Amino acid sequence: MVIGTLTVPIHLHGLGSIKDKRKIVKSVIERLRSRFNASVSEIDAQDNKRLALIAVAVVSNDGAFVRQQLDTIARFIRQDGRFFPGQMRQEIFTEDHDLPRL
């Protein structure tokens, strides 16, 4: 099993309220979930109207697929245009299971 995570700080400028921020963040999260079938959540800075921290997780049995998905998601986020993505952090975890063969 291979688990990949991508943590993305999102810098938002020129917003009038937390409500405006939440509208953008919710839109980004829903687009990532539907387009990439990934788990996505805002994990920090919920009460800061200029910053959001989003985490994305992808699980597969193929490490190359996980890396490719995270790279594609990172490009998609960079191209959004409604915000400035900060330094993204990508991590890959692998775990081998000694499961009986069926």
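Could you work out, for the range 2-46, what percent of all Cα-Cα pairs fall into each 10 Å distance bin, beginning at 0 Å and stopping at the bin that holds the largest distance?
In whole percents, the pair-distance histogram is 23, 53, 21, 3, 0.
What value, in deg cm²/dmol to 500, does the helix sum -39500 (n - 2.57) over DSSP H runs of n ≥ 4 give at 222 nm once divided by the residues of the chain?
Mean residue ellipticity at 222 nm (helix-derived): -11500 deg cm²/dmol.
Across every pair of different alpha-carbon atoms, what Kirkwood hydrodynamic radius in Å does the chain reach?
The answer is 14.5 Å.
Could you compute the net charge surrounding ILE18? Neighbours are other residues with a C-beta less than 11 Å from the C-beta of ILE18; K and R count +1, D and E count -1.
Local net charge: +4.
Excluding same-chain residues fewer than 8 positions from LYS49, which aspartates and glutamates have a Cα within less than 13 Å of its Cα?
Result set, ordered by chain and number: ASP20.
Say the dipole of the chain comes from +1 at the beta carbon of Lys and Arg and -1 at that of Asp and Glu; which of ALA55, GLY16, THR94 then lies farthest toward its positive end?
Comparing the listed Cα positions along the dipole, GLY16 ranks first.
Give the angle, between 0 and 90 degrees and rounded to the nearest 10, that separates the Cα long axis of helix 18-36 from the longest principal axis of the Cα atoms of the chain.
With both axes taken from Cα atoms, the answer is about 30 degrees.
Expressed as an acute angle from 0 to 90° and rounded to the nearest 10, what is the orientation of the C-alpha long axis of helix 63-78 relative to the principal long axis of the chain?
The angle comes out at about 10 degrees.
With contacts defined as alpha carbon pairs under 8 Å and 6 or more residues apart, what's the relative contact order of the range 2-94 in percent?
48
A short reminder: the numbers here are calculations on the coordinates, not readings from a lab. Given the structure is predicted, the values throughout are model-derived calculations rather than measurements. Don't worry about glycine lacking a Cβ; one is built from the backbone with ideal geometry, like all the others, and counts go over all protein chains shown.
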